[in-house]
Amino acid sequence: MNPRLPITKTPKCYVGGAFIRSESGRVTPLHDASGAFFANIPQCTRKDLRNAVEAAAKSGSGWAKRSAYNRGQIIYRLAEMIEARSAEMIEALQVGGQPSARAKTEVAATVDRLIHYAGWTDKYEQLLGNVNPVSSPHFNFTVTEPTGIVGVLAPEDAPLLALVSLIAPAITSGNTVVALASTSQPYPSIALGEMLATSDLPGGVVNLLTGFRAELLPTFATHAHIRAISGVANADERKAIKLAAADSVKRVHLLKTEETHDWFADSAQGLYEIRDLVEFKTTWHPIGA
Amino acid sequence: MSTSAHAAFRRLFHEIGTVDAVGVEERVAKFATRSIKKKSKLFGLKLAVTMVDLTTLEGKDTPGKVASLCQKAIAPHEGIDVPSTAAVCVYPAMVKHAKKHVAGTSVRVASVATAFPSGQAPLKTRLAEVRSAVADGADEIDMVINRGAFLSGEFSLVQDEIRQVVEACGSSTLKVILETSELETYDNIRAASFLAMQVLRPNDFIKTSTGKTSANATLGNNQVMLEAIRDFYFETGIPIAMKPAGGIRTAKQALQFLIAVKETLGDEWLNNQRYRFGASTLLNDLLRQIEKERSGNYQAPYYFSEAAESY
């Protein structure tokens, strides 16, 4: 019998609940740590980004309308999916050259991070919302609403954990996400897409793109439908993003590439990450004398 | 199908010819591959705006909603250079409200009539509806054909009814809705197109759909009707206009339909006297793309006023 032919996977991006190639048809060869060819990764364009934003917009109102408890269940389910396929995710991280022990820790931390935010979905409102004391016959209260479509720019290090740490707080409060994965280690985001597809997260809530960062950053910054940018960027990128984002009055929360961030630490998660991506609405309700 | 209906269809197909369905599908698939950029794209987008019949056909329509729709048709968006749409399209009860708001502008008032969308009312009632809409000031009437009669092969009944509506229209333009989704085949669409065209006046329209059924205007049925118009024009010299309606929601789709017009009927049909889009959400996507071409940035849909959600 002839030896079996190898069946290799075509990596595709997870956008709008479907697996897409770039509309441009372009790909970038990805090499593993030993320098051998591993796969062709889609090199997404600004049109792919535009399509991803449309997908996010379509699913946005439905996701925000889910009960907080249900959003928590779904994010927990996503964690379950990654946990069950952690061996595959560890391999995906090793493609980028991570030693097995570190890859294992990163996958475990990623699962824990999702569990962390799954718990927050029905609790952040109690801490961020408020009944305000006012000296007039009004019942005055502040509640939060999701910001909308959030553009996530993942850093080069911790290609899975950092990506998920940026996505999770956004979707916790009902935002939708269009994320650009690490340019040097995009493969974990491809694997994450496959796990998102089997979680109960509605298609379009999280959209993952791979491609050249420099090509896509200007569109992330100028696309008026993207309401916030969250991620990691260097000094030049931060300046360019802030300038271009001003036109459409986006929220911009960028960590600095030149500083080190411990994505594994407890300080990389919590209420303030959620607060960065919500809008506060204050209501004055008249009350009788 | 009864034997007599069968025979009637056979005679008609013998006269006007049938459609090569595979050929049509192949042809229209090519329209989606044209690359229209920059100046020609902007030209196409603006042309499409002038061709929109801005439509609201809902049970919940009010004079207020029609007023804002008219305003939107006259001046689609502030701050960018865009023309008015061709017309607003409303139910007969809303014609007099619409007429008041578009007075003195180039925007025309179109009204669906003849028991839209089913057409299942006595002819007397349907004609009365047309006369009342015309009396209220409708510049254009969108009628539905009697699909039941068509499918049972009673072609002279279909034509007779259209003829009477033409008469009831007076000087108003008539658009004949074939409701392609209920005609089943491309052959039938071509046949119904010919039946309508044979009794229409020059520059009256044939129209694909009501927008009230599951299947609407597609590049395929648009192409079959455009080719019917072309063949009829070569045969008789009478130019018939065309209006696809329903399901055209994006600027990209609109450009593909315009490509079909350009490559099938030519420049003579690339104006709003000869070609229209029946749509409600299309206009905002056109505006969004025009603004994108101007500013270079992708726009958020909520930057543009929403006047109509139906269709």
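The values are calculated or read from the model by the stated rules, or taken from the named source; none is laboratory data. Small disclaimer: the values here were computed from a predicted structure and weren't measured. No Cβ is skipped: glycine too gets one built from the backbone with ideal geometry, and neighbour counts run over all protein chains shown. Surface areas here come from the heavy atoms of the whole protein model, side chains and all, with no ligands, DNA or RNA. Shrake-Rupley method; radii C 1.70, N 1.55, O 1.52, S 1.80 Å.
Can you tell me the 0 to 90 degree angle between the C-alpha axis of helix A:68-84 and the longest principal axis of chain A, rounded to 10?
The angle comes out at about 20 degrees.
What residues does segment A:205-234 have that are buried by at least 30 Å² of accessible area in the full protein assembly compared to the chain on its own, 1.4 angstrom probe?
Residues meeting the cut-off: A:THR222, A:HIS223, A:ALA224, A:HIS225.
At 222 nm, what helix-only mean residue ellipticity would the protein assembly as shown give, in deg cm²/dmol to the nearest 500, using -39500 (n - 2.57) for each DSSP H run of four or more?
-14500 deg cm²/dmol
Taking only protein heavy atoms and a 1.4 Å probe, what accessible area per residue, in Å², does chain A have with all protein chains in place?
46
In square angstrom, what is the accessible area per residue of chain B with a 1.4 angstrom probe?
41
Taking 8 Å as the Cα distance limit and 6 or more residues as the minimum spacing, I'd like the relative contact order of segment A:13-286 as a percentage. If you can, show how the numbers build up before the last one.
On the way: 548 pairs, mean separation 71.1, N = 274.
Over segment A:13-286, the number comes to 26 percent.
Give me the percent of Cα-Cα pairs in segment A:13-286 that sit more than 25 Å apart, rounded to a whole number.
43
Would you mind finding the longest exposed-site-free stretch of chain B, with exposed GluC sites (Glu not before Pro) meaning DSSP loop and at most 15 other Cβ atoms within 10 Å?
With GluC sites (Glu not before Pro) excluded where exposed in loops, chain B gives B:185-305 as its longest stretch.
Can you list the residues of segment B:279-303 whose accessible area drops by at least 50 Å² going from the chain on its own to the full set of protein chains, with a 1.4 Å probe?
For segment B:279-303, once contacts with the other chains are taken into account, B:ASN297, B:TYR298, B:TYR302 lose 50 Å² or more.
For the interface of chains B and A, what total accessible area is buried with a 1.4 Å probe, rounded to the nearest 100 Å²?
Values: alone 13240 and 13740 Å², together 26060 Å².
Counting protein atoms only, the buried area is about 900 Å².
If you roll a 1.4 angstrom probe over the protein chains with everything in place, what fraction of the accessible area of chain B belongs to carbon and sulfur, to the nearest %?
52
Would you work out what percent of the accessible area of chain A, with all protein chains in place, is carbon or sulfur (probe 1.4 Å)?
56
Tilt of helix A:235-246 relative to the longest C-alpha principal axis of chain A, in degrees (0 to 90, nearest 10)?
With both axes taken from Cα atoms, the answer is about 50 degrees.
For a quick check of your reading of the filter: which trypsin sites (Lys or Arg not before Pro) in segment B:7-67 sit in a DSSP loop and have no more than 11 other Cβ atoms within 10 Å?
Those satisfying the criteria are B:LYS37, B:LYS60.
Report the Cα centroid-to-centroid distance between segment A:20-87 and segment A:152-202 in angstrom, as an integer.
A separation of 6 Å, based on Cα centres.
Identify the chymotrypsin sites (Phe, Trp or Tyr not before Pro) of segment A:206-274 meeting these criteria: DSSP loop state and at most 15 other C-beta atoms within 10 Å of the C-beta.
Sparse-neighbourhood loop chymotrypsin sites (Phe, Trp or Tyr not before Pro): A:PHE212.
Sequence neighbours fewer than 8 away in the same chain don't count; with that in mind, list the lysines whose C-alpha is under 27 Å from A:LYS12.
Partners found: A:LYS47, A:LYS58, A:LYS104, B:LYS30, B:LYS252.
From the square roots a ≥ b ≥ c of the eigenvalues of the alpha-carbon gyration tensor of segment B:141-241, which class results: rounded (a/c under 1.5), prolate (a/b over b/c), or oblate?
rounded
A:ALA39's amide H: which non-local residues (gap 5+, or another chain) put their own amide H closer than 5 Å, with H modeled 1.01 Å from N in plane and none for Pro or chain starts?
Residues meeting the criterion, in which the H sits 1.01 Å from N, are A:LEU30.
Taking the Cα-to-Cβ direction at A:ILE7 and at B:ALA103 and moving 7 Å from each Cα, how far apart do the two end points lie in nm?
About 7.3 nm separates the two model spin labels.
Distance from the Cα centre of segment B:245-311 to that of segment B:131-182, in angstrom?
Rounded to whole Å, the Cα centres lie 26 Å apart.
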